[in-house]
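Asks: Below you'll find the structure I mean.
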Amino acid sequence: MAITYTWTIPTVERTLSDGGITTIHWRCTGVDGDHSASSYGTTGHTPDASADGFIAYDSVTEANCIAWVQAALDKDATEAAIAADIATQKTPTTGAGQPWAA
């Protein structure tokens, strides 16, 4: 089964004077059957309210934020790290427990 990745934006931070988004909190979750892993982080942004293409807070969509996040970090590397975590879950190389309690 292939891993399905979902990018979400839990919250953003903005400058109140112009509605420019300065920090985006993001999460990427990968799911493959019964296995899942995720990564969470933030990206910093320096919006320019006078620039063409500026989108103020009230008009920003989650898709806008996801695109800005993916442009600011290495999307492929993030998803590869999640895939590696899922691969380890499927075929563990270490274990923990109490042998006397089994």
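The values are calculated or read from the model by the stated rules, or taken from the named source; none is laboratory data. Source: prediction; values computed, not measured. Cβ sites come from the backbone with ideal geometry, for glycine too, and all protein chains shown count toward neighbours.
Asks: Which residues, counting only those in the stretch 25-39, are in contact (Cβ under 8 Å) with a residue 24 or more places away in the chain and either among the small types (Gly, Ala, Ser) or loosely packed, with under 15 Cβ neighbours inside 10 Å (or both)?
Replies: Hits for the stretch 25-39 are Gly30, Gly33, Ser36, Ala37, Ser38, Ser39.
Asks: Output the residue which, of all residues in the stretch 1-17 that are over 17 Å from Ala84 (Cα atoms) and either at pLDDT below 95 or more than 19 Å from the chain's Cα centre (by Cα) (or both), is surrounded by the most Cβ atoms within 10 Å (Cβ to Cβ).
Replies: Residue satisfying both the conditions and the ranking: Thr15.
Asks: Here is a follow-up. Quick check on Thr78: is it within 14 Å of Ile3 (Cα to Cα), touching a Ser or Thr at 6+ places or on another chain (Cβ under 8 Å) and assigned to a helix (DSSP H, G or I)?
Replies: yes
Asks: Can you tell me which residues in the stretch 22-43 are farther than 18 Å from Ala83 by Cβ and touching a Cys at 6+ places or on another chain (Cβ under 7 Å)?
Replies: Scanning the stretch 22-43 gives a single hit, Ile24.
Asks: Let me ask something else. Do we have any residue at all in the stretch 30-46 that's over 30 Å from Gln89 (Cα atoms) and assigned to a loop (DSSP other than H, G, I, E, B)?
Replies: Checked the stretch 30-46: at least one residue is over 30 Å from Gln89 (Cα atoms) and assigned to a loop (DSSP other than H, G, I, E, B).
Asks: Kindly establish whether Ser59 is among the small types (Gly, Ala, Ser) and either loosely packed, with under 10 Cβ neighbours inside 10 Å or in contact with a His (Cβ under 8 Å, 6 or more places away or on another chain) (or both).
Replies: When the stated conditions are applied, Ser59 passes them.
Asks: I would also like to ask the following. Would you check if there is a residue in the stretch 49-57 being in a strand (DSSP E or B), over 13 Å from the mean Cα position of the chain (by Cα) and at pLDDT 95 or above? Before you say what the answer is, go through the steps one by one.
Replies: First pass over the stretch 49-57, keeping only residues in a strand (DSSP E or B): none.
No - not one qualifying residue is present in the stretch 49-57.
So that you can scan it fast, the table gives a plain yes or no per residue for (1) touching a residue at least 40 places away in the same chain (Cβ under 8 Å); (2) among the β-branched types (Val, Ile, Thr):
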position	(1), (2)
Met1	no, no
Tyr5	yes, no
Ile9	yes, yes
Ser17	no, no
Ile55	no, yes
Thr61	no, yes
Leu73	no, no
